[in-house]
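Trainee: Dropping the structure in here first, questions after.
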Amino acid sequence: MTENENFVESDIRDIAHEFNVIVDSVKDDKSDFIHDRYFRFAFAEPKRMAELLTLFSRHNPTLKAFLDTIDLGSLRGARENHSTAKHAGSADLVFEANIKDGGVAGLYVGIIAEHKSKKDTEVMTQISEYYHHLFLERKKDVPVMAFIVYNGEEGWDPLSEKRFPGYPEFYNDIGYPFKVEYLDVGHAIDDVDLKGVSPITLVALTAMKYIWDVEKFSISFREAAAYLLKKQNTAEGRDFIKQSLSYFFWKWPYKSEAIKMDRPEIIANKGYETFGEHFFNAGEAKGESNAISVFEKLGASPEMIAEAKAMLAALANK
């Protein structure tokens, strides 16, 4: 091992120690950092919201077409970007963005981001109320895009639900005065896609994606946090990890030891490693000739097994 490698290994161990200190600073607190509050904390920053939309646009042609019409760099929080007395407890985030080449009129669009952590048959009614309150009451005659951002445990497709299911078919295509897109953080984001976002957004999306599973959260979040501490070891970065851990302990109290960086493979890894890659690499390190059987013994999901098979196929073709 060279002198430079010794330095890197020492640096990684320092990061692991710092992460554990952050864990200890929040593990005994009674957290009320629930789903909606965490989403709001993570994505009220326009740059991170822009990253979220860009990430989903890679697999969503309609969302990509929308982003092609706006100047994403102009994305900004609207004045109404807070919970109002009329909608107390709302987790909505409200943004505005300029239309590309908007001309003298300075054309812009309104954006509503509504977070859900479980299925809600009234979500469209909610968004309609927000649309009326946030735009129509203020005489803002602008087109509005609404995004349902979901990180629930179960699959859900709110856009497949008809607005007037009990009426004759003639009425089923009556829409809303805004367009709606559905962003399923828990099920639609690919682990590989996560590697392309900034360290803070990586931590946020990893937390939201894996919050329902202690093992997946522990492995992937530790990696994301270590990556953040390595790339952006700032007060903002450390606070973001702390608040994300508060979210974890709200859902999984008394799991502080499960999240700590105390295993050699965690400390040794110098980059962001997805949950799927972790078990694939663990199988390789143990000299297993059949990494897929290792996955199955560890109870990995069908999606993770499929990811492992794809990785094996890619390696075989090299």
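Trainee: Could we say that VAL94 is within 24 Å of the chain's Cα centre (by Cα) and in contact (Cβ under 8 Å) with a residue 40 or more places away in the chain here?
Mentor: It is true that VAL94 is within 24 Å of the chain's Cα centre (by Cα) and in contact (Cβ under 8 Å) with a residue 40 or more places away in the chain.
Trainee: Which residue, of VAL203, VAL197, is buried (at least 19 other Cβ atoms within 10 Å of the Cβ) and assigned to a loop (DSSP other than H, G, I, E, B)?
Mentor: Working: VAL203 fails: assigned to a loop (DSSP other than H, G, I, E, B).
It is VAL197.
Trainee: So, TYR167, is that one more than 23 Å from TRP212 (Cβ to Cβ) and exposed (fewer than 13 other Cβ atoms within 10 Å of the Cβ) or not?
Mentor: Numbers: more than 23 Å from TRP212 (Cβ to Cβ): yes; exposed (fewer than 13 other Cβ atoms within 10 Å of the Cβ): yes.
Spelling it out, TYR167 is indeed more than 23 Å from TRP212 (Cβ to Cβ) and exposed (fewer than 13 other Cβ atoms within 10 Å of the Cβ).
Trainee: To continue, here is another question. When both residues are 6+ apart or on different chains and their Cβ atoms are under 9 Å apart, which pairs have a first residue that lies in region 216-230 and is of a type in the set (Val, Ile, Thr), and a second that is part of a helix (DSSP H, G or I)?
Mentor: ILE219/TYR210; ILE219/ILE266; ILE219/PHE275; ILE219/HIS278; ILE219/PHE279
Trainee: What is the number of the single condition among (1) at pLDDT below 90; (2) assigned to a loop (DSSP other than H, G, I, E, B); (3) surrounded by 15 or more Cβ atoms within 10 Å (Cβ to Cβ) that GLY152 does not meet?
Mentor: (1)
Trainee: What tally of residues in region 158-189 results from selecting those that are part of a loop (DSSP other than H, G, I, E, B) and either within 22 Å of PHE43 (Cβ to Cβ) or over 31 Å from the mean Cα position of the chain (by Cα) (or both)?
Mentor: Counting residues in region 158-189 that are part of a loop (DSSP other than H, G, I, E, B) and either within 22 Å of PHE43 (Cβ to Cβ) or over 31 Å from the mean Cα position of the chain (by Cα) (or both) gives 10.
Trainee: Pairs please, first residue from region 28-52 and farther than 10 Å from LEU93 by Cβ and among the aromatic types (Phe, Trp, Tyr), second anywhere and part of a loop (DSSP other than H, G, I, E, B) and at pLDDT below 90, Cβ atoms under 7 Å, 6+ apart in sequence or on different chains.
Mentor: Final answer for the pair search is none.
Trainee: Moving on. With the structure loaded, tell me whether ALA42 is under 26 Å from ILE99 (Cα atoms) and out of contact with any Lys or Arg (no Cβ under 8 Å at 6 or more places or on another chain) or whether it fails that test. Even if it seems obvious, please write down each step before you answer.
Mentor: Working: under 26 Å from ILE99 (Cα atoms): yes; out of contact with any Lys or Arg (no Cβ under 8 Å at 6 or more places or on another chain): no.
Considered against the rule, which asks whether it is under 26 Å from ILE99 (Cα atoms) and out of contact with any Lys or Arg (no Cβ under 8 Å at 6 or more places or on another chain), ALA42 comes out as no.
Trainee: Given the options VAL142, VAL149, name the one that is touching a residue at least 60 places away in the same chain (Cβ under 8 Å) and either under 21 Å from GLU96 (Cα atoms) or among the aliphatic types (A, V, I, L, M) (or both). Give the steps one after another, and end with the answer.
Mentor: Values: VAL142 fails: touching a residue at least 60 places away in the same chain (Cβ under 8 Å).
Selected residue: VAL149, the only one of VAL142, VAL149 that is touching a residue at least 60 places away in the same chain (Cβ under 8 Å) and either under 21 Å from GLU96 (Cα atoms) or among the aliphatic types (A, V, I, L, M) (or both).
Trainee: Can I ask one more? When both residues are 6+ apart or on different chains and their Cβ atoms are under 8 Å apart, which pairs have a first residue that lies in region 169-181 and is in contact (Cβ under 8 Å) with a residue 12 or more places away in the chain, and a second that is of a type in the set (S, T, N, Q) and part of a loop (DSSP other than H, G, I, E, B)?
Mentor: Pairs found: GLU181/ASN60.
Trainee: Here is a further query. Looking at (1) part of a helix (DSSP H, G or I); (2) exposed (fewer than 15 other Cβ atoms within 10 Å of the Cβ), can you tell me which one ALA226 breaks?
Mentor: (2)
Trainee: Okay, next question. Test TYR130 against the criterion of being at pLDDT 85 or above, at negative phi and part of a loop (DSSP other than H, G, I, E, B), and give yes or no. Please lay out each step first, then the result.
Mentor: Values: at pLDDT 85 or above: yes; at negative phi: yes; part of a loop (DSSP other than H, G, I, E, B): no.
Criteria not met by TYR130.
Trainee: Where the second residue is of a type in the set (Asp, Glu) and at pLDDT 85 or above and the first is within 14 Å of ARG58 (Cα to Cα) and lies in region 183-205, which pairs have Cβ atoms under 7 Å and are six or more apart or on separate chains?
Mentor: VAL197/GLU51
Trainee: Tell me, yes or no, whether region 234-242 has at least one residue that is without any contact (Cβ under 8 Å) to a residue 60 or more places away in the chain and over 18 Å from ALA207 (Cβ atoms).
Mentor: yes
The values are calculated or read from the model by the stated rules, or taken from the named source; none is laboratory data. None of the values given here were measured: they were computed from a predicted structure. Neighbour counts are summed over all protein chains in view; Cβ atoms, including those assigned to glycine, are modelled from backbone coordinates with ideal geometry.
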